[in-house]
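Structure record follows, encoded as structure tokens.
The values are calculated or read from the model by the stated rules, or taken from the named source; none is laboratory data. Computed from a prediction, not measured in an experiment: that's the story for all the values here. Neighbour counts run over all protein chains shown; Cβ positions are idealised from the backbone, glycine included. In case anyone asks, the SASA skips ligands and DNA or RNA and just uses the protein heavy atoms, side chains included. Shrake-Rupley method; radii C 1.70, N 1.55, O 1.52, S 1.80 Å.
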Amino acid sequence: MKIAPILALALFASTARAGDLPDLNITPGSTDPEVTEANLKESICKVTHFTWTEGHMPPASFLDSIAREEIKQYGYTDENAKHYQMDHLIPLSLGGNPTDPKNIWPQVLVTKWSARRKDFLEQTLHDKVCKGEVGLKAAQEEIRTNWIEAYKKYIGDPDKHS
């Protein structure tokens with residue numbers, strides 16, 4: 001029967017691979033206490049997604065200093081830090097903590113669920129939070145627990161756009 005292999009392939013293609021999602025035991029995420037539902041207009045929504053992120057991004061030297069240790073914690077066989085983006089699980093544009101290692105993980109760069117896709121979701125959720133379409137805590141929790149499912153919910157099938 002040819003349907004079973006096709007079904008198995010389809011299920012594999014739509015699911016995340018190891019490394020596409022952070023290990024929540026290592027990187028559970030953490031938020032910036034300065035960003036709350038009550039001060040959205042004065043914090044993350046005062047400026048664009050990119051301006052807020054740039055103004056709160058820790059120095060590259062800080063991210064570089066934790067990259068190798070986190071790559072080892074994750075058990076990645078490829079230990080080349082250039083193959084990863086040290087990513088904030090809860091993005092800065094949604095009030096993620098910029099310097100807490102519990103909010104930073106080595107995200108594989110070359111995969112279907114790459115950092116580029118997560119960045120697109122981050123901007124989409126930032127816009128929705130700032131428009132009042134999604135609550136801050138809800139957006140933080142959805143991206144924290146499974147950003148791939150959040151992507152599918154808010155953006156749709158990643159194979160239909162780049």
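Using every Cα-Cα pair within region 82-125, state what percent have a distance larger than 14 Å. When every Cα pair of region 82-125 is considered, 46 percent fall beyond 14 Å.
Cross-link reach is defined here as a Cα-Cα straight distance under 21 Å, omitting same-chain residues fewer than 8 places apart; for Lys102 the lysines meeting it are Lys72, Lys82, Lys118, Lys137.
Placing a label point 7 Å from the Cα of Asn80 along the Cα-to-Cβ direction, the residues of region 102-117 whose backbone N falls under 20 Å from that point are 106-116. Computed extension gain for Ala138 through Glu37, at 0.36 nm per residue and net of the alpha carbon distance, reaches 35.3 nm.
Between Val110 and Lys46, the distance separating the two model label sites (each 7 Å from Cα on the Cα→Cβ line) works out to 4.1 nm. Summarising the label geometry, the points placed 7 Å from Cα in the beta-carbon direction at Lys153 and Glu69 lie 3.2 nm from one another.
With all protein chains kept in place, the per residue accessible area of region 61-162 amounts to 48 square angstrom at a probe of 1.4 angstrom. Of the whole protein surface, Leu121 contributes about 0 Å² of accessible area at a 1.4 Å probe radius.
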